[in-house]
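The structure under discussion appears below in the form of C-alpha cells.
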C-alpha cells in the first residue's frame with residue numbers, strides 16, 4: 001500500500017494528493033501519513049509546490065468528508081455497516097468517532113482532524129447528527145489544512161536534508177534488521193530447547 005501510494009503521488013502529483021486525501025476521508029484506507037510527507041518531499045526536490053500540496057491535501061480532505069457526511073445523513077448506519085464494511089468501516093470505528101463527537105460536539109470535527117482513526121471517521125457521526133453543513137465544512141477545512149501542512153512540512157524537511165538523513169536512516173535500518181534476526185534466532189533456539197524434553201519423554 002505504501003509503495004503504491006508513493007508511486008501514485010510521484011506520477012500524478014497534486015491530482016494524486018487531492019484524490020487520495022479525498023478517499024482517506026471517505027474511510028478508504030489510504031494513509032495521509034504517507035501521502036502528504038511524500039508530496040512534501042517531492043516539493044523539496046522541486047517537483048511540486050509546497051503551498052499547492054497543502055491546499056490540495058486540505059481540499060481533498062474536505063471533498064471526501066462532505067461525501068462521507070452526505071452518505072451518513074442520507075442513508076445512515078445501514079449503509080455504513082453494510083456495504084461500508086467492504087472498505088474497512090467497522091462498528092468500533094463509528095463508536096469511537098461517535099463518542100468523540102458526543103463529548104466535544106462541533107469542536108470534535110476540528111480537533112478530530114488531528115487524531116489518528118478519529119479523523120478518518122468523524123464525518124459519519126457529524127452526518128448522522130446533521131451538524132450544520134457550513135459549520136462542518138469550515139471546521140473540516142481548517143483542521144485538514146493544519147494536518148496536511150504539518151505532514152507536508154515534515155516531508156519537505158526530510159527531502160531538503162536527504163543527504164544528511166540518508167546515512168543515519170540506513171544505519172538504523174541495518175541495526176533493526178540485525179536485531180530482528182537475533183530475536184528470531186533466540187526464539188527458535190528456546191523453542192527447540194523447550195521441545196527437546198517432551199520428545200524425549202514421549203519416546
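The values are calculated or read from the model by the stated rules, or taken from the named source; none is laboratory data. Just so you know, these numbers come straight off a predicted model, no measurement behind them. Heads up, the Cβs are rebuilt from the backbone with ideal geometry, glycines too, and the neighbour counts pull from every protein chain shown.
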* Asked: Among 88, 82, 112, which is under 23 Å from residue 58 (Cα atoms) and either modelled with pLDDT under 75 or over 16 Å from the mean Cα position of the chain (by Cα) (or both)?
  -> 88
* Could you please find all residues in region 117-132 being in a loop (DSSP other than H, G, I, E, B) and in contact with a helix residue (DSSP H, G or I) (Cβ under 8 Å, 6 or more places away or on another chain)? => 117, 122, 129, 130, 131
